[in-house]
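Report on the structure given below.
The values are calculated or read from the model by the stated rules, or taken from the named source; none is laboratory data. Keep in mind it's a predicted model, so treat the numbers as computed, not measured. A quick note on method: Cβ atoms are made from the backbone with ideal geometry, for glycine too, and the neighbour counts reach across all protein chains shown.
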Amino acid sequence: MLALTRKKNEAIIISGGIEIKVLDIQGDKVKLGIKAPKSVDVYREEVYKQIKENNKEAVQDITVNLDELKQLIKK
């Protein structure tokens, strides 16, 4: 992991047209602004983890339904 130190109003640039800028710092909280192409999804970590979990559960549900379908076809 690359660790960088930035002050308020300073930014980092990532290839692909992504810019992350420190907008504000208050106590232990940092407000970030992110500019990225529309083709790049940007999520807070907790939201991303929930999406992954939901997708995992959806795939498991599909597997169960496919097994049920196989049983129906055999009849």
Total residues in the range 39-52, condition of a type in the set (D, E, K, R) and within 15 Å of ILE14 (Cα to Cα): 1
Take ILE73 and tell me if it is free of Cβ contacts under 8 Å to residues at least 24 places away in the same chain, surrounded by 10 or more Cβ atoms within 10 Å (Cβ to Cβ) and not basic (Lys, Arg). no
Pairs returned, first residue in the range 7-19 that is within 10 Å of LYS35 (Cα to Cα) and touching a residue at least 12 places away in the same chain (Cβ under 8 Å), second residue that is of a type in the set (Gly, Ala, Ser) and in a strand (DSSP E or B), beta-carbon separation under 6 angstrom, 6 or more apart or interchain, are GLU19/ALA11
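Condition check ((1) within 21 Å of the chain's Cα centre (by Cα); (2) part of a loop (DSSP other than H, G, I, E, B); (3) polar (S, T, N, Q)) across all residues:
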| position | (1), (2), (3) |
| --- | --- |
| LEU2 | yes, yes, no |
| ILE12 | yes, no, no |
| GLU19 | yes, no, no |
| ASP24 | no, no, no |
| VAL30 | yes, no, no |
| ILE51 | yes, no, no |
| ASN65 | no, no, yes |
So, in the range 11-61, of the ones that are of a type in the set (S, T, N, Q) and over 19 Å from MET1 (Cβ atoms), which residue ends up modelled with the lowest pLDDT? GLN60
Answer yes or no as to whether ILE20 is among the aliphatic types (A, V, I, L, M), surrounded by 11 or more Cβ atoms within 10 Å (Cβ to Cβ) and in contact with a Phe, Trp or Tyr (Cβ under 8 Å, 6 or more places away or on another chain). no
Show the residue pairs meeting these rules: Cβ distance below 8 Å; 6+ apart or different chains; first residue within the range 39-53 and surrounded by 10 or more Cβ atoms within 10 Å (Cβ to Cβ); second residue not in a loop (DSSP other than H, G, I, E, B). VAL40/ILE18; VAL42/ILE34; TYR43/ILE51
